[in-house]
Amino acid sequence: MKRIAVLTSGGDAPGMNAAIRSVVRTGIHEGLEVFGIYRGYNGLISGDMRPLGRSDVSNIIQQGGTILFSARSDAFRTKEGRATAMANLRTNEIDGLVVIGGDGTFTGAHVFQQEHDFPIVGLPGTIDNDLFGTDFTIGYDTAINTAMEAIDKIKDTANAHNRLFFVEVMGRDAGFIALRAGVATGAEAVLIPESETKLDHLISKLEDTYASKKTSSIVVVAEGDDAGGAFQIAEKVKERFNDYDIRVTILGHTQRGGRPTCMERVRAGKLGYEAVHALLDGHRNEMIGIVNNKIAFTSFERSIKHHQRIDRTLLELVDILG
Ligand code: F6P
C-alpha cells in the first residue's frame with residue numbers, strides 16, 4: 001500500500017478535523033502518500049481529490065466542521081456512481097480508503113466493498129453516538145457538552161420566570177445525546193425513543209415538581225422520541241396540565257458545531273492513527289471504535305445493523321435525581 005485517501009461523509013461532527021489530521025500525519029509518518037477527498041462520496045465520484053501534506057492539516061485540530069467538507073451522496077447510492085468512484089480510485093492510484101462518518105457512510109462503504117473489493121476502513125463520526133462497536137463516536141462528547149451548556153443557560157431563565165421548558169436535542173432515532181445532557185443538567189425528565197414515553201407518568205412527575213415549588217423544570221426530548229417532537233409533546237402536556245408557563249427550545253444544528261472537547265480530539269487522534277495501521281495490517285470493511293478504552297474492530301454490516309444499548313441506569317438516575 002503506497003497511497004491512501006481519507007473522506008468525511010454524512011452529518012459533520014466536531015473532531016472530524018482532528019481525525020483527518022491524524023490520518024494524514026500518521027500516513028506520512030508510515031511512508032504513505034495521503035489524499036484528501038472532498039465532499040464525501042460525491043468527491044470520489046467527481047474526482048475531487050488532492051494530496052495532503054503535513055502543513056495542509058496544520059491548525060485544524062481545534063476546529064469544528066470538516067476541512068474536507070461533507071455530503072450525503074445520492075449518486076453513490078447508484079451502481080453507476082460507485083463504478084465511477086472505483087475508476088477514480090484507480091486513476092489516482094489509491095490503494096486504501098479511510099471513511100469517517102455514520103451509518104449511511106458505512107452502508108455505502110459496505111456495498112462498495114462488496115462490488116469492488118476495495119480496502120476500506122471506517123471511523124465512527126457522528127454526534128448521535130448510535131453506532132454499534134464503539135462506546136463513543138467522534139462528535140458525541142462535544143455535542144453533549146454543547147447541549148449541556150445550552151440547557152444550563154435555559155435553566156437560568158426558566159428559574160427567573162418559574163417556567164417549564166421542553167428542550168429538543170438531536171440524535172435522529174437515538175436518545176444518547178438526550179440522556180447524557182438530561183442527567184448532566186438535572187432534568188425532570190428525559191424522553192427518548194429507546195423507552196416508551198408515557199404522558200401520564202410525565203404529567204404526574206411535573207405535578208409533583210410543581211407542588212414542591214421548584215422554580216424551574218426541564219424536560220429533554222430526543223428528536224426521534226415516540227411521542228413526537230418537543231412542540232407536540234408540550235402541546236399535549238399543556239392540554240392536561242397548564243399550571244406551568246411552558247416554553248419550547250430546539251437546539252438543532254448548534255449541537256453539530258463548535259470546538260471539539262479535549263476527549264474528542266484525543267480519541268479522534270487515536271482513531272486516525274489506528275485507521276492507517278489497520279489498512280496497513282490488512283483490515284478491510286471494518287469500523288474502528290473504542291470499547292472499554294480499547295481499540296475494537298466491527299464489520300460495517302454489524303455496526304450499522306445494531307445500535308449500542310442505552311444505559312438504563314442513567315434513565316433511573318433522571319427519575320430519582322431530577
Ligand atoms: O446524524 C447527525 C444529525 O445531526 C442527526 O442528529 C440529525 O437528525 C441529522 O443529522 C440532521 O441532518 P441534516 O443536517 O441533514 O438536517
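The values are calculated or read from the model by the stated rules, or taken from the named source; none is laboratory data. Source: prediction; values computed, not measured. Here Cβ is always computed from backbone atoms with ideal geometry, including for glycine, and neighbour counts include all displayed protein chains. Side chains included, ligands, DNA and RNA excluded: accessible areas come from the protein's heavy atoms. Shrake-Rupley method; radii C 1.70, N 1.55, O 1.52, S 1.80 Å.
Couple of notes before you dig in:
- Computed from label points 7 Å out along Cα-Cβ, the spacing between SER55 and PHE231 is 5.0 nm.
- P(r) tail fraction, region 140-256 - alpha-carbon pairs more than 21 Å apart, %: 28 percent
- Helical content of the chain, expressed as a calculated mean residue ellipticity at 222 nm, amounts to -13500 deg cm²/dmol (DSSP H runs of 4 or more residues, -39,500 (n - 2.57) each, divided by residue number, nearest 500).
- Applying 0.36 nm per residue to the separation of ILE28 and ASN292 and subtracting their alpha-carbon distance, the gain on full extension is 92.1 nm.
- For region 238-282, the Stokes-Einstein estimate of translational diffusion at 25 °C and a viscosity of 0.890 mPa s comes to 165 µm²/s, using the Kirkwood hydrodynamic radius over alpha-carbon pairs.
- Put a plus charge on the Cβ of each Lys and Arg, a minus charge on the Cβ of each Asp and Glu, and nothing anywhere else: the dipole of region 1-70 about its Cα centre is then about 120 debye.
- Annotation: average projected area of the chain is 16.1 square nanometres, based on the convex hull of Cα atoms across all directions.
- For the chain, accessible area per residue (1.4 Å probe, heavy atoms of protein chains only), Å²: 43 Å²
- In this calculation the C-beta distance from ASN242 to ARG312 is compared with R0 = 35 Å, giving a FRET efficiency of 0.65.
- Gap separating the Cα centres of region 258-322 and region 102-136, nearest whole Å: 12 Å
- Extension gain for the segment MET1 to ASP95, taken as residue separation times 0.36 nm less the Cα-Cα distance, is 33.3 nm to one decimal.
- Residue (of THR146, PRO14, VAL220) at the positive-pole extreme of the chain, dipole from beta-carbon charges: PRO14
- Spin-label model distance (nm) - ASN159 vs HIS253, 7 Å beyond Cα toward Cβ: 3.2 nm
- GLU301 versus ALA83: modelled label distance in nm, points set 7 Å from Cα along the beta carbon direction: 2.5 nm
- In this structure, the pairs whose alpha-carbon distance is over 28 Å, taken from LYS213/LYS236; LYS79/LYS294; LYS155/LYS236; LYS153/LYS238; LYS270/LYS305; LYS2/LYS270, are LYS79/LYS294.
- Segment ASP152-LYS270, extension gain: residue separation times 0.36 nm, minus the distance between their alpha carbons: 39.4 nm
- Heavy atoms of LYS238: accessible area, 1.4 Å probe, square angstrom to 10: 80 Å²
- Using a Gaussian network model of the chain in which every pair of alpha carbons under 10 angstrom is joined by a spring, one finds that among GLN62, GLN114, GLN255 the greatest mean-square fluctuation is at GLN114.
- Comparing Cα centroids, region 6-66 and region 189-204 end up 41 angstrom apart.
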